[in-house]
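Derivation of every value follows stated rules applied to the coordinates shown; laboratory data play no part. Please read these numbers as outputs of a predicted model, since none were measured by experiment. Note that we place each Cβ from the backbone using ideal geometry, even for glycine, and neighbour counts take in every protein chain shown.
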Amino acid sequence: MRKTDTQRFRKLLLEEKERVGASLARHEKIIAHTDDQSGLETGKAHSNHMADQGSDEFQYETTIKFANKEGRHLYNIEEALSRIEDGTYGKCLGCEQQIALPRLRSLPYARLCIECKEKEEAGTL
């Protein structure tokens with residue numbers, strides 16, 4: 001992979017890391033029940049109506065799921081940045097061949113080529 005490609009992917013990954021980090025921070029505030037203005041603990045809202053309380057609980061659980069997904073996404077981004085630093089970025093961790101540039105353009109934190117990813121999903125890698 002050319003140095004210019006690597007620099008472009010580093011920039012893209014850093015921008016995505018910042019975006020995901022900010023989003024994750026917002027979700028963590030909601031999960032921790034902190035008020036945006038004061039930073040104080042506000043406690044979970046309890047509704048007088050069962051349907052409203054169910055909706056509140058559903059929203060809270062959905063926020064936790066999003067935060068979990070974003071946390072995994074952030075981990076993948078950080079791993080890709082580490083591979084850039086150690087010079088292994090763009091190399092498949094399964095077969096050690098170069099990952100195709102179109103795959104990296106669409107999924108810059110990809111760690112496997114398409115063939116190895118298919119094997120992983122099939123449970124044969």
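Backbone amide hydrogens, once placed in the peptide plane, bring Leu125 within less than 5 Å of Glu120, excluding anything fewer than 5 places away on its chain.
In order along the stretch 60-69, the phi-based Karplus estimate (6.51 cos²θ - 1.76 cosθ + 1.60, θ = phi - 60°) of 3J(HN,Hα) comes to 5, 5, 5, 4, 4, 5, 4, 4, 4, 5 Hz; Gly and Pro are listed as x.
Expected output is a single nm value to one decimal: the length gained when fully extending between Gln53 and Lys119, i.e. 0.36 nm times separation in residues minus the C-alpha distance. What is it? Working shown, then result.
Details: separation 66, 0.36 × 66 = 23.76 nm, distance 4.40 nm.
Residue separation times 0.36 nm, minus the Cα-Cα distance, leaves 19.4 nm.
Karplus-based coupling profile of the stretch 80-96, in residue order and whole Hz: 5, 5, 5, 5, 5, 5, 8, x, 9, 5, x, 9, 5, 6, x, 10, 6, with θ = phi - 60° in 6.51 cos²θ - 1.76 cosθ + 1.60 and x standing for Gly or Pro.
Taking amide hydrogens as placed 1.01 Å from N in the peptide plane, the amide H of Lys91 sits under 5 Å from those of Ile99, each at least 5 positions away in sequence or on another chain. FRET efficiency for the pair Glu28 and Glu85, taken as 1/(1 + (r/R0)^6) with r the Cβ-Cβ distance and R0 = 25 Å, rounds to 0.40.
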